[in-house]
Amino acid sequence: MAHAVKELFPDTRLAIGPAIPDGFYYDFDSGHAFTQEDLPRIEEKMKEIIKANKPFIKKELPKEEAARFFRERGEEYKVQLINEIADETVSLYEEDNFIDLCRGPHLESTGKVRAFKLLSVAGAYWRGDEKNKMLQRIYGVSFPTKDELKKHLEFLEEVRKRDHRRLGRELDLFSMNDDIGPGLVLWHPRGAAVRRSIENFWLDEHYRAGYQVLYTPHMAKLDLWKKTGHVDFYKENMYSPMEIEGLEYEIKPMNCPFHVSVFKSHLRSYRDLPLRFAELGTVYRYERSGVLHGLLRVRGFTQDDAHIFCMEDQIEDEVLRVLEFTLFILKTFGFSDYDIYLSTRPEKYVGTDAAWKKATGALENALSQKGLKYEIDPGEGVFYGPKIDIKVRDTLGRQWQCSTIQVDFNIPERLDITYRGADSKDYRPIMIHRALMGSLERFFGILIEHYAGAFPLWLSPVHISILTISERHVEYCRRIYDFLIAEGVRVDTDEENEKIGYKIRKAAVLKTPYMCIIGDKEMENNTVNIRKRNGENIGEMTVEKLAAFLKDGISGRRQS
Ligand code: ZN
């Protein structure tokens with residue numbers, strides 16, 4: 001691709017062009033502003049290069065010499081890259097009249113490329129730093145066979161249709177804007193209704209699982225974040241402190257120290273443990289504007305957070321409970337396919353070897369007791385303890401990291417928390433951090449894509465739309481509306497003076513699970529006529545029966 005771009009736009013300078021998990025890209029500095037329309041032309045040139053079937057020839061050069069070579073050609077970005085390489089020599093690959101810095105390996109010749117497609121153009125800062133020049137990035141993908149490429153392009157089309165940013169707009173669920181600031185989410189009424197259903201479910205199930213629910217402030221004195229170690233280890237994700245009456249305060253990036261403070265508000269005995277504190281806690285973390293992405297990467301978000309304080313020999317049992325709970329919660333959202341990872345001790349760590357061994361063993365035992373398959377990520381644990389990560393797979397088979405269960409030997413030590421043992425001596429409890437959905441914003445984004453916006457009844461922004469056929473049905477429609485609202489059903493009405501076919505299409509666009517159409521017959525019979533969003537007709541029933549039917553579906557949290 002870089003060769004083709006150089007041929008077509010000779011003034012272009014080459015920056016960097018790696019292979020990435022879903023294809024490849026190249027960043028260009030060019031006087032030509034690339035658009036989607038340029039891609040077919042570049043593809044044509046690439047096909048010529050492939051057809052010529054020139055061999056890729058590898059050259060090893062001392063760094064100095066390679067840097068001189070690229071400097072003479074005006075390829076300053078390559079010179080910068082060479083200067084950052086630690087080795088004495090670098091490798092270059094050449095085919096025909098094109099030469100580029102590359103670690104390799106390469107195909108034997110250009111003719112080995114079988115199937116490829118250029119996908120998109122985007123802006124990208126040199127070295128990913130917004131202080132640097134904005135370059136132009138072209139993305140592409142390549143496969144060994146045309147068939148695999150075709151399948152992948154169909155997959156990408158499905159991904160595009162499910163994009164939560166697009167569906168968020170179309171279904172009027174949420175927005176973000178420059179007046180509020182990037183990465184800060186406005187939940188519109190329809191999105192907020194979905195969130196309320198998630199939160200209600202979350203709260204009920206947490207109480208049922210033996211958690212106690214907390215609310216804590218959005219900021220705390222900077223000194224607290226010094227004590228926890230966040231100022232030392234987490235600074236780049238935190239915002240600048242603000243001053244209030246001569247003291248510095250920090251907006252919270254995490255909920256943990258607040259939960260510890262509640263733990264410390266009483267003398268705790270071994271009989272109180274395990275203590276499980278949960279909170280839908282809103283945190284703020286600094287993310288560079290370049291990495292923000294819809295709901296998936298934001299600056300303010302609500303974690304479904306909890307901290308379990310327990311004794312060392314309770315870890316296994318608690319982790320087992322958390323695992324069962326997590327899988328139940330995920331299943332309720334239609335995720336029954338997941339991958340589990342156990343991360344072990346990294347090079348830098350706190351806590352004793354014995355404690356690490358015991359905790360890691362407890363996590364392993366809990367996983368095997370549940371008969372769960374998992375992979376070990378050696379050395380990928382956090383410095384304060386081992387952890388289990390659960391990544392769900394959505395309808396398209398894409399993997400999303402949501403749940404995490406982390407053992408912590410550090411905070412109990414740093415914030416000096418203790419419980420009184422049976423022998424009247426004080427001991428350090430173990431702390432387990434856990435989030436099941438991760439962040440509500442991100443989880444919502446994943447759900448939108450997972451369901452392609454067609455939420456199951458219990459999660460739908462509106463459960464049922466009432467559509468009137470003509471003006472004379474409006475009064476009857478309002479009676480039904482009032483009745484259903486009072487029954488706790490989320491209803492909207494369409495009383496506009498429009499054709500019923502048009503109203504049905506409008507409700508279908510919003511993916512509302514049920515529609516109820518009101519005409520003369522229904523008014524006469526004192527009934528309603530129900531149809532599903534897929535067009536299936538459920539038939540005529542009384543409004544009481546309709547309410548019971550909907551409430552049953554909502555409380556059953558079924559997937560359709
Ligand atoms: Zn925590």
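The values are calculated or read from the model by the stated rules, or taken from the named source; none is laboratory data. Since this is a predicted model, take the numbers as computed values, not measurements. Reconstructed Cβ throughout: ideal geometry from the backbone, glycine too, with neighbour counts over all protein chains shown. We work out accessible area using only protein heavy atoms, side chains counted, and drop any ligands, DNA or RNA first. Shrake-Rupley method; radii C 1.70, N 1.55, O 1.52, S 1.80 Å.
Quick notes on this structure:
- Only one of the numbered conditions (1) within 33 Å of the chain's Cα centre (by Cα); (2) away from the ligand (no atom under 16 Å from the Cβ); (3) not hydrophobic (A, V, I, L, M, F, W, C) is not met by Glu475, and that is (1).
- Residue count, the range 309-332 (criterion: within 16 Å of the ligand (Cβ to nearest atom) and aromatic (Phe, Trp, Tyr)): 1
- Of all the residues in the range 408-467, those that are small (Gly, Ala, Ser), touching a Leu at 6+ places or on another chain (Cβ under 8 Å) and open to solvent by less than 10 Å² (accessible area, probe 1.4 Å) number 3.
- Among the residues listed as Asp423, Asp377, the single one being more than 16 Å from the ligand (Cβ to nearest atom), without any contact (Cβ under 8 Å) to a residue 12 or more places away in the chain and more than 30 Å from Leu184 (Cβ to Cβ): Asp423
- Residue match in the range 53-68 (condition: assigned by TED's automatic domain parsing to the domain that holds Arg127, closer than 21 Å to Pro144 by Cα and in contact (Cβ under 8 Å) with a residue 60 or more places away in the chain): no
- Residue list for the range 367-401, filter: crowded, with 17+ Cβ neighbours inside 10 Å and either outside the structural domain of Leu295 (by TED's automatic domain parsing) or in a helix (DSSP H, G or I) (or both): Leu367
- Those helices (runs of 4 or more DSSP H) of the range 464-560 in which 3 or more residues are in contact (Cβ under 8 Å) with a residue 60 or more places away in the chain occupy 474-486, 543-556.
- Checked against the criterion of being away from the ligand (no atom under 16 Å from the Cβ) and part of a loop (DSSP other than H, G, I, E, B), the range 189-210 has at least one qualifying residue.
- Criterion: closer than 22 Å to Leu415 by Cα, acidic (Asp, Glu) and away from the ligand (no atom under 13 Å from the Cβ) - qualifying residue of Glu245, Glu250: Glu250
- Counted residues, the range 188-217 - those being in contact with a Gly (Cβ under 9 Å, 6 or more places away or on another chain) and not small (Gly, Ala, Ser): 4
- Checking Val350 against (1) within 16 Å of the ligand (Cβ to nearest atom); (2) open to solvent by less than 10 Å² (accessible area, probe 1.4 Å), the condition it does not meet: (2)
- Yes/no for Glu364 being open to solvent by 20 Å² or more (accessible area, probe 1.4 Å) and in a loop (DSSP other than H, G, I, E, B): no
- All helices (runs of 4 or more DSSP H) inside the range 29-144 with 3 or more residues being within 16 Å of His3 (Cα to Cα): 39-52
- Qualifying residue in the range 492-509 (condition: open to solvent by 80 Å² or more (accessible area, probe 1.4 Å), closer than 24 Å to Arg162 by Cα and among the β-branched types (Val, Ile, Thr)): yes
- For the range 393-407, the set of residues classified as touching a residue at least 60 places away in the same chain (Cβ under 8 Å) and within 12 Å of the ligand (Cβ to nearest atom) consists of Ile405, Val407, listed by residue number.
- Scope the range 328-361; condition aliphatic (A, V, I, L, M) and in a helix (DSSP H, G or I); matching residues: Ile329, Leu330, Ala354, Ala355, Ala359
- Counted residues, the range 213-271 - those being open to solvent by less than 40 Å² (accessible area, probe 1.4 Å) and without any contact (Cβ under 8 Å) to a residue 24 or more places away in the chain: 1
- Residue within the range 440-463 that is under 22 Å from His188 (Cα atoms), part of a loop (DSSP other than H, G, I, E, B) and among the hydroxyl-bearing types (Ser, Thr, Tyr) present: yes
Matching residues to (1) on the phi > 0 side of the Ramachandran plot; (2) within 16 Å of the ligand (Cβ to nearest atom); (3) open to solvent by less than 40 Å² (accessible area, probe 1.4 Å):
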{"residue": "Phe277", "(1), (2), (3)": "no, yes, yes"}
{"residue": "Gly294", "(1), (2), (3)": "yes, no, yes"}
{"residue": "Val298", "(1), (2), (3)": "no, no, yes"}
{"residue": "His307", "(1), (2), (3)": "no, yes, yes"}
{"residue": "Phe335", "(1), (2), (3)": "no, no, yes"}
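- Some residue of the range 115-136 being modelled with pLDDT under 95, on the phi > 0 side of the Ramachandran plot and open to solvent by 40 Å² or more (accessible area, probe 1.4 Å): yes
- Taking the range 253-270 as the range and being part of a loop (DSSP other than H, G, I, E, B) and within 10 Å of the ligand (Cβ to nearest atom) as the test, the residues that pass are Met254, Asn255.
- Within the range 503-529, tally of residues that are closer than 23 Å to Ala452 by Cβ and either at pLDDT 95 or above or not small (Gly, Ala, Ser) (or both): 11
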